[in-house]
Amino acid sequence: MKKTILILTLLAFVITMTNAQFRKTTWGMNKGQVKQKETCTLLKEEPTLLTYSNTLNGMKNYTMYVFKNNKLIQGKYSFHHKHSNKNDFITDYNELKDLLIKKYGTPIKNKITWHNNAHKNDPKMWGQAISFGHLSFYTMWKEEGTNILLTLNGNNYKIIFLLDYNIPTQRGVDKKKKEKEALDAL
């Protein structure tokens, strides 16, 4: 009976891992497999990270693959293009959000948060407010086996614009496993 449950659990995990993807990769791939799939220019290779130069929807970015125990667990786009008018970052964010809605449907979370209301009533200053750390945008989708987070925030006059794909945390699974082990030991 225990073997059957273990096999079914592993099968469910493999099916989930197969469906969860970032670009042309699948969660759990090793660095060599990811490097074979990626066609962009490799900029940097570290033990837990591959960084590529890329353009997405006309926006320059670093496309990054994050590994734990040589298994792919996260992929992200860190946008580094420049705008003289910081409100253009909000336009970029909304364009990318619209594309993600077309692909993944309605987000489960969509937040605009004011941390300081100084420019709240002046939309022409919202881009500046983001760079000051006064305003942030956050949108989230959940796909089978993948969390997708689009964020636009800033600090110290710098804009931080990210699109992050990652495996949902395993806390609930780990807690149940630990509990089962304790119960079996009793």
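The values are calculated or read from the model by the stated rules, or taken from the named source; none is laboratory data. As the structure is a computational prediction, the values presented were derived from the model and not from experiment. Because the Cβ atoms are built from the backbone with ideal geometry, glycine has one as well, and the counts that use them run over all protein chains shown.
Before moving on, here are some points about what is shown:
- All of GLU179, GLU143 fail the test of being more than 30 Å from TYR52 (Cα to Cα) and at pLDDT below 95, apart from GLU179.
- Pairing each residue of region 22-36 that is surrounded by 14 or more Cβ atoms within 10 Å (Cβ to Cβ) and in a strand (DSSP E or B) with any residue that is of a type in the set (A, V, I, L, M, F, W, C) and modelled with pLDDT of 95 or more, provided the two are 6+ apart or on different chains, yields C-beta distances under 7 Å for THR25/VAL34; THR25/LEU72.
- Take the conditions (1) at pLDDT below 95; (2) under 13 Å from GLY145 (Cβ atoms); ILE7 misses just one of them, which is (2).
- Among (1) in contact with an Asp or Glu (Cβ under 9 Å, 6 or more places away or on another chain); (2) not in a strand (DSSP E or B), the one test that LEU150 misses: (2)
- Residue satisfying condition, being β-branched (Val, Ile, Thr), in contact (Cβ under 8 Å) with a residue 12 or more places away in the chain and either within 25 Å of LYS82 (Cβ to Cβ) or in contact with a helix residue (DSSP H, G or I) (Cβ under 7 Å, 6 or more places away or on another chain) (or both), within set THR41, THR55, THR48: THR41
- Within region 129-140, considering residues that are closer than 15 Å to TYR93 by Cα and of a type outside the set (A, V, I, L, M), the one surrounded by the most Cβ atoms within 10 Å (Cβ to Cβ): THR139
- Unique residue being within 18 Å of the chain's Cα centre (by Cα) and either without any contact (Cβ under 8 Å) to a residue 24 or more places away in the chain or exposed (fewer than 12 other Cβ atoms within 10 Å of the Cβ) (or both) when the list is HIS80, HIS115, HIS119: HIS80
- Within region 78-115, tally of residues that are assigned to a loop (DSSP other than H, G, I, E, B) and touching a Ser or Thr at 6+ places or on another chain (Cβ under 6 Å): 2
- Residue in region 43-50 that is surrounded by 12 or more Cβ atoms within 10 Å (Cβ to Cβ) and under 17 Å from LEU162 (Cα atoms) present: yes
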